[in-house]
1. Once you put a point 7 Å from the Cα of Asp61 and another 7 Å from the Cα of Asn121, both along the Cβ direction, what distance in nm separates them?
2. Which ³J(HN,Hα) values in Hz, rounded to whole numbers, follow from the phi angles of the range 99-105 under the Karplus curve 6.51 cos²θ - 1.76 cosθ + 1.60, where θ = phi - 60° and Gly and Pro get x?
3. Hey, how many Å between the Cα centroid of the range 56-81 and the Cα centroid of the range 130-145?
4. Kindly provide the pair-distance distribution of the chain built from C-alpha pairs, with 10 Å bins from 0 and whole-percent values in order of increasing distance.
5. Relative contact order of the chain: what whole-number percent is it, with Cα pairs under 8 angstrom and at least 6 residues apart?
6. To the nearest 0.05, what FRET efficiency results for Asp23 and Asp96 with a Förster distance of 22 Å applied to their C-beta separation?
7. Might you report the magnitude of the Cβ-based charge dipole of the chain about its Cα centre, with Lys and Arg at +1 and Asp and Glu at -1, to the nearest 20 debye?
8. Can you pull a Stokes-Einstein diffusion coefficient for the range 51-92 at 10 °C (1.306 mPa s), Rh from Kirkwood over Cα pairs, as a whole number of µm²/s?
Amino acid sequence: MKTFLSILVVASLMISGPALSRDTKHLLSIEEAMASADFQERLDPDIGFYFGDQAHPQVKDSKGNFVSNKKTNAFNKSDEEACKWVLLSALLSFQDRVRAEGGNAVINLESYYKKKTYRSNTQYECHAGAIIAGVALRGDVVTLEK
């Protein structure tokens, strides 16, 4: 009986394995995400986030190039909902870094999933699976002229 149960468990894992390993790439709107209430409430309006080559004030001081690689629970969420949540998490990580470095903005933000860059002024890259969604961003923490 134990052998039969073992075979049954292994067979079910082999069948469900591909479904659990889904990794769907999404390119989603930065503007739409940033306009949502969660972003408005949690991101400091005194810290600027500039994606791609968006125009920004002159750089007064550069603090360094940093990466934020975040994952979130995607279970029972739409891919878009999970992706927005994990983007917020990545931006909050950058917000903490800006404060720690004494800057006031992040410029040249680009998606950096699995160390592959996707640079856009309007979209970010997110990968979603059955259980986890992830966003990785890379950008320059700076102090901008006011």
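1. Placing both labels 7 Å beyond Cα along the Cβ direction yields 2.9 nm.
2. 4, 5, 8, x, x, 9, 6
3. 2 Å
4. P(r) for the chain, in whole percents per bin: 12, 37, 27, 12, 7, 4, 1, 0.
5. On the way: 275 pairs, mean separation 54.3, N = 146.
That works out to 37 percent.
6. Working: r = 28 Å, r/R0 = 1.25.
Computed FRET efficiency for Asp23 and Asp96: 0.20.
7. Numbers: 18 positive and 18 negative charges, 148 e Å.
Dipole of the chain, to the nearest 20 debye: 720 debye.
8. 124 µm²/s
Every number in this text was worked out from the coordinates using simple rules, so none of it is lab data. Given the structure is predicted, the values throughout are model-derived calculations rather than measurements. Methodologically, a virtual Cβ is constructed for each residue, glycine included, from the backbone with ideal geometry; neighbour enumeration extends over all protein chains shown.
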